[in-house]
1. Is one or more of the residues making up region 65-73 more than 22 Å from Pro158 (Cβ to Cβ), at pLDDT below 95 and buried (at least 18 other Cβ atoms within 10 Å of the Cβ)?
2. What number of residues in region 20-41 are open to solvent by 10 Å² or more (accessible area, probe 1.4 Å), farther than 13 Å from Asp94 by Cα, of a type outside the set (A, V, I, L, M) and in contact (Cβ under 8 Å) with a residue 60 or more places away in the chain?
3. Out of Gln102, Gln125, which single residue is open to solvent by 80 Å² or more (accessible area, probe 1.4 Å) and in contact (Cβ under 8 Å) with a residue 12 or more places away in the chain?
4. Being β-branched (Val, Ile, Thr) and at pLDDT below 95 is the filter here; which residues of region 74-87 pass it?
5. Does Pro90 meet the test of being open to solvent by 20 Å² or more (accessible area, probe 1.4 Å) and either modelled with pLDDT under 95 or of a type in the set (S, T, N, Q) (or both)?
6. Can you name every residue in region 113-122 that is open to solvent by 70 Å² or more (accessible area, probe 1.4 Å) and part of a loop (DSSP other than H, G, I, E, B)?
7. Go through region 1-19 and give me each residue that's surrounded by 19 or more Cβ atoms within 10 Å (Cβ to Cβ) and over 13 Å from Val54 (Cα atoms).
8. Here is a check on your reading of the model: is Leu110 surrounded by 21 or more Cβ atoms within 10 Å (Cβ to Cβ), in contact with a helix residue (DSSP H, G or I) (Cβ under 8 Å, 6 or more places away or on another chain) and at pLDDT 90 or above?
Amino acid sequence: MKIFVALGANLGDPIAQLNTALASLAAWPKMTLVRSSSFYRSAAVGYTQQPDFVNAVCEIDTELTALEVLAALLSIETQNGRAREFKNSPRTLDLDLILYGQAQYDLANLQVPHPRMHQRAFVLQPLLEIAPEIEIPQLGPAKHFLATVAEQVLTRIPQKATLAA
């Protein structure tokens with residue numbers, strides 16, 4: 001199954017956190033990291049009195065179910081010091097399953113496609129960088145939403161994310 005995961009961090013060393021998360025995802029059983037986007041800097045959404053975020057999106061091939069992927073993402077977040085103090089709080093690492101093939105889930109702990117992904121430049125731009133023709137189930141081509149998030153400032157971080165060998 002082809003899936004996409006959004007990554008974000010704004011505490012500690014966000015670039016290092018995202019690189020560590022990508023390495024963890026690549027090493028997770030039954031998950032193969034296919035590619036990852038550039039890293040982008042963006043302002044916080046919701047609770048804005050916090051540092052800017054560094055964001056990326058990666059594509060993964062997996063044999064895991066959506067709930068097994070969620071469990072893996074939560075485990076990696078915890079291993080990286082994620083604390084959930086309040087909604088939209090600063091974080092060492094945030095991993096969101098944004099697409100699980102064309103499947104749709106509306107569970108208490110998992111909504112796929114991510115319900116606000118088409119409203120967030122920090123998700124759309126990195127997603128479209130690695131999958132320019134991707135479609136969001138029931139919404140259509142992701143690229144059609146770029147104009148609606150054009151006012152959200154996103155800055156590409158010059159160096160490409162790399163995994164240590």
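The values are calculated or read from the model by the stated rules, or taken from the named source; none is laboratory data. Nothing here was measured: the structure is a model prediction, and the numbers come from that model. So basically every Cβ, Gly included, is an ideal-geometry build from the backbone, and we count neighbours across all protein chains shown. Protein only, heavy atoms only, side chains kept; ligands, DNA and RNA dropped before computing areas. Shrake-Rupley method; radii C 1.70, N 1.55, O 1.52, S 1.80 Å.
1. From region 65-73, those more than 22 Å from Pro158 (Cβ to Cβ) are 65-73; that's our starting set.
Then drop every residue that is not at pLDDT below 95, which leaves none.
Within region 65-73, not a single residue is more than 22 Å from Pro158 (Cβ to Cβ), at pLDDT below 95 and buried (at least 18 other Cβ atoms within 10 Å of the Cβ).
2. Of the residues in that region, 4 qualify.
3. Gln102
4. If we filter region 74-87 for residues that are β-branched (Val, Ile, Thr), which is where we start, we get 76, 78.
Within region 74-87, just Thr78 meets the criteria.
5. Numbers: open to solvent by 20 Å² or more (accessible area, probe 1.4 Å): yes; either modelled with pLDDT under 95 or of a type in the set (S, T, N, Q) (or both): yes.
Yes; evaluated as a whole, the condition is true for this residue.
6. Going residue by residue through region 113-122, those that are open to solvent by 70 Å² or more (accessible area, probe 1.4 Å) are 116, 119.
If the condition is that a residue be open to solvent by 70 Å² or more (accessible area, probe 1.4 Å) and part of a loop (DSSP other than H, G, I, E, B), then Arg116 is the only one that fits.
7. Correct list: Ile3, Phe4, Val5.
8. no
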